[in-house]
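The values are calculated or read from the model by the stated rules, or taken from the named source; none is laboratory data. In this text, all values refer to a predicted model and were calculated from it rather than measured experimentally. A quick note on method: Cβ atoms are made from the backbone with ideal geometry, for glycine too, and the neighbour counts reach across all protein chains shown.
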Amino acid sequence: MPAAPILYRIQPSNVHAHLFEIRCTLRNPAVGGQGFALPAWIPGSYMIRDFARHVVAIRAESSGQALRLEKIDKQTWQAAATKERRPLTLIYQVYAWDLSVRAAHLDQSHAFYNGTSVFLRPLGHEHLPCLVDIQPPRGKAFAHWRVATALAPASGEKGCAEPHGFGLYRAADYDELIDHPVEMGSFAHAAFTACGVRHEVAISGRHDADLNRLTHDLQRLCEWQIRFFGEPAPMPAYLFLITAVGEAYGGLEHRASTALLCSRDDLPYAGMRGTPERYRAFLGLCSHEYFHTWNVKRIKPAAFCPYQLEAETYTTLLWAFEGFTSYYDDLALLRCRLISRKQWLDGLATTIDKVQRAPGRHVQTLAEASFDAWTKYYRPDENTPNASVNYYAKGALVALALDLTLRAGTASRVSLDDVMRTLWQRFGRDAGSPGIEDDDLQRIAEELSGIPLASFFTAAVQSTDDLALADLLKPFGVRLTHSAASATPQLGVDTADAGDEVRLTTVYSDSPAQIAGLSAGDLLVALDGLRVTPHSFERLLGRRKAGQRVEILAFRRDELRVFSVELAAPAADRHKLHVGQRGNALRRAWLGRTDKHERSTDHGDREK
């Protein structure tokens, strides 16, 4: 056994039962007995997930003899004292059947885990270096499996892992250990270099991805982001861990990698022309998680320095870390010419739609949304649009508004780009830098620009006022308009198909449906005596007019109820961004020069 302070050994022990076996050996346990705990949440996903609930069996031993182990709360175990402080080993099994980017998943095709799901931390020893012995499942069927992780092989140790091989890996401390997800299996692999840094892509699941196209586009994106913050990159290498399935979308950032879950149809295929919407969305996801390498993994809220993994860690700044990253994810694609300006403007208009359609934007501030992420954002229900604001989407619009304010107020001398780079220099580049406090972003923006911004931040973050985006966009030669998406009168609801029936999923505040008494969960039966189906619902509404009263029959639970609803005019909640005159200096500095395709788009927009 290597003479490391802490040694972990992890192996898929029963792929059919989805079980990992983990051994944690601590060389110098505490004199009076050693405590161990599993995190309650994973950084980047702000919800208590109680990973310890998946520990299905656990025991302790020392020198080959069983040692008493007591569970003292939902995620903590206490081992009895060992004789003469001999090494202590915990042996336990973890159930892994969560196909997401947050936890662990294991079957015959692959194994994936985040360290927060599987590695108990020896309390009081979190600062010590550790080794991880990653082992494959037993059996010839798994002889072709490889390993993909950004963890560094334990060079100089007997049993050191070769590239993509099983064996020993090294982490400087527990925080580094849990910040490197691991994939095992027969994944597709590709690599490229961006600004001198090796980047790898590992794709698990069935797919027909064009790896040459994917790596070409990712290289361009990664080089732009590295140069945006300034070389050298903060990581020695980087890994995109991708799991492709039928339908899924999600990502989670780490210091030198990201775990991504996508539909196989989101990936580029051989002969694909242009950047179709699904691939654009996937590139946007990659861009978002890669930008987090700087903004949240190294530039952090002060509340996260260090992470407190046993309970909620509150901050009012998620709008800046997730929202500003959401602003830059697609903007980076535009600036490195992976998408057209029209695609970017259309995506921005969709973000405006998303925010403006939710009545909750007038109920909850961005600061409150950040603070309440633990109980609201990750636990949406039928009333979420009425009670909450999305700090990703509105945070992105605040970033846009601040960027436009700085650029217009300084004739493009200062922008949000400068603010982000200053945050990196002062709070992120040095590993010992403190996290940012609530007023640091405003203070730096004012310092760089000379513009008083107290009223801007109060209105944008501490109030429920709408942002004056139309006025802010005018100096840039961009016009914001809004109109109804269709002429169909509205009930003010969201629906979902329930077989051949229609169920209400959300009833919006002060909508015709809510005023009439309809509620989320109601199953629509008939409108003016005609059966409602997923195919007939919109057609039936389309034959009515705003102000007309209709009779709706609906089941609530097993009770048939009758509602009289006065239909409203369709909401003007579809936004569009129009580019005006050519040669606008502010716009050029913001979005870059246009090519022939963009100039033709400008002309078309102006004529419309």
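Here are THR495, THR506, THR422: which of them is in contact with an Asp or Glu (Cβ under 9 Å, 6 or more places away or on another chain) and either aliphatic (A, V, I, L, M) or farther than 20 Å from TYR327 by Cβ (or both)?
None of the other options fit; the residue is THR506.
Considering only strands (runs of 3 or more DSSP E) fully contained in segment 480-560, which possess at least 3 residues that are loosely packed, with under 14 Cβ neighbours inside 10 Å and either among the acidic types (Asp, Glu) or within 37 Å of the chain's Cα centre (by Cα) (or both)?
Qualifying strands (runs of 3 or more DSSP E): 493-498.
For residues that are in a helix (DSSP H, G or I) and aliphatic (A, V, I, L, M), scanning just segment 266-297, find the one that is surrounded by the most Cβ atoms within 10 Å (Cβ to Cβ).
Checking each candidate, the answer is LEU283.
Taking segment 241-254, which residues are farther than 14 Å from GLY205 by Cβ and touching a His at 6+ places or on another chain (Cβ under 8 Å)?
GLY251, GLU253, HIS254
Residues that are small (Gly, Ala, Ser): which strands (runs of 3 or more DSSP E) entirely in segment 139-211 hold 2 or more of them?
167-171, 188-194, 197-204
Kindly indicate whether any position in segment 120-134 is in contact with a helix residue (DSSP H, G or I) (Cβ under 8 Å, 6 or more places away or on another chain), within 22 Å of SER13 (Cβ to Cβ), of a type in the set (D, E, K, R) and in the same structural domain as ALA60 (by TED's automatic domain parsing).
Yes, that holds for at least one residue.
Looking only at segment 439-452, which residues are surrounded by 15 or more Cβ atoms within 10 Å (Cβ to Cβ) and either farther than 18 Å from ALA401 by Cβ or in contact with a Cys (Cβ under 9 Å, 6 or more places away or on another chain) (or both)?
Of everything in segment 439-452, just one residue is surrounded by 15 or more Cβ atoms within 10 Å (Cβ to Cβ) and either farther than 18 Å from ALA401 by Cβ or in contact with a Cys (Cβ under 9 Å, 6 or more places away or on another chain) (or both), namely ASP440.
With touching a residue at least 40 places away in the same chain (Cβ under 8 Å) and over 30 Å from ASN584 (Cβ atoms) as the only criterion, which of SER370, SER449 stands out?
Going through SER370, SER449 in turn, just one is touching a residue at least 40 places away in the same chain (Cβ under 8 Å) and over 30 Å from ASN584 (Cβ atoms): SER370.
Among (1) of a type outside the set (S, T, N, Q); (2) buried (at least 19 other Cβ atoms within 10 Å of the Cβ); (3) within 26 Å of the chain's Cα centre (by Cα), which single condition is ASP430 missing?
(2)
Can you give me the ranges of the helices (runs of 4 or more DSSP H) entirely in segment 305-415 with at least 3 residues that are hydroxyl-bearing (Ser, Thr, Tyr) and surrounded by 20 or more Cβ atoms within 10 Å (Cβ to Cβ)?
Of the helices (runs of 4 or more DSSP H) lying wholly inside segment 305-415, those with at least 3 residues that are hydroxyl-bearing (Ser, Thr, Tyr) and surrounded by 20 or more Cβ atoms within 10 Å (Cβ to Cβ) span 324-335.
Could you list, in sequence order, all residues of segment 104-126 that are in a loop (DSSP other than H, G, I, E, B) and farther than 16 Å from LEU7 by Cβ?
ASP107, GLN108, SER109, ASN114, LEU123, GLY124
Taking interchain pairs and intrachain pairs at least six residues apart, which have beta carbon atoms under 8 angstrom, with the first residue in segment 326-337 and farther than 12 Å from PHE228 by Cα and the second of a type in the set (Phe, Trp, Tyr) and not in a helix (DSSP H, G or I)?
Filtered contacts from segment 326-337: SER326/TYR392.
Which numbered condition in (1) part of a helix (DSSP H, G or I); (2) within 24 Å of the chain's Cα centre (by Cα) is the only one that ASP471 fails?
(2)
State which residue is farthest from SER388 (Cα to Cα) when the search covers only segment 509-538 and only residues that are touching a helix residue (DSSP H, G or I) at 6+ places or on another chain (Cβ under 8 Å) and among the acidic types (Asp, Glu).
Applying the filter and picking the extreme gives ASP528.
Do we have any residue at all in segment 164-178 that's closer than 24 Å to ASP217 by Cβ, surrounded by fewer than 21 Cβ atoms within 10 Å (Cβ to Cβ) and either modelled with pLDDT of 95 or more or in the same structural domain as GLY139 (by TED's automatic domain parsing) (or both)?
yes
Output the number of the condition that LYS474 fails; it satisfies all remaining conditions of (1) more than 27 Å from GLY347 (Cβ to Cβ); (2) in contact with a strand residue (DSSP E or B) (Cβ under 9 Å, 6 or more places away or on another chain); (3) not aliphatic (A, V, I, L, M).
(1)
Which of (1) in contact with a Gly (Cβ under 9 Å, 6 or more places away or on another chain); (2) buried (at least 20 other Cβ atoms within 10 Å of the Cβ) does GLU183 not meet, given it meets every other one?
(1)
Do we find that ALA259 is in contact with a Lys or Arg (Cβ under 7 Å, 6 or more places away or on another chain) and either buried (at least 21 other Cβ atoms within 10 Å of the Cβ) or of a type in the set (Ser, Thr, Tyr) (or both) in this structure?
Here the answer is no, as ALA259 does not meet what is asked.
If the requirement is being more than 18 Å from LEU467 (Cα to Cα), in contact with a helix residue (DSSP H, G or I) (Cβ under 7 Å, 6 or more places away or on another chain) and not charged (D, E, K, R), which of these qualifies: SER388, SER412?
Answer to the selection: SER412.
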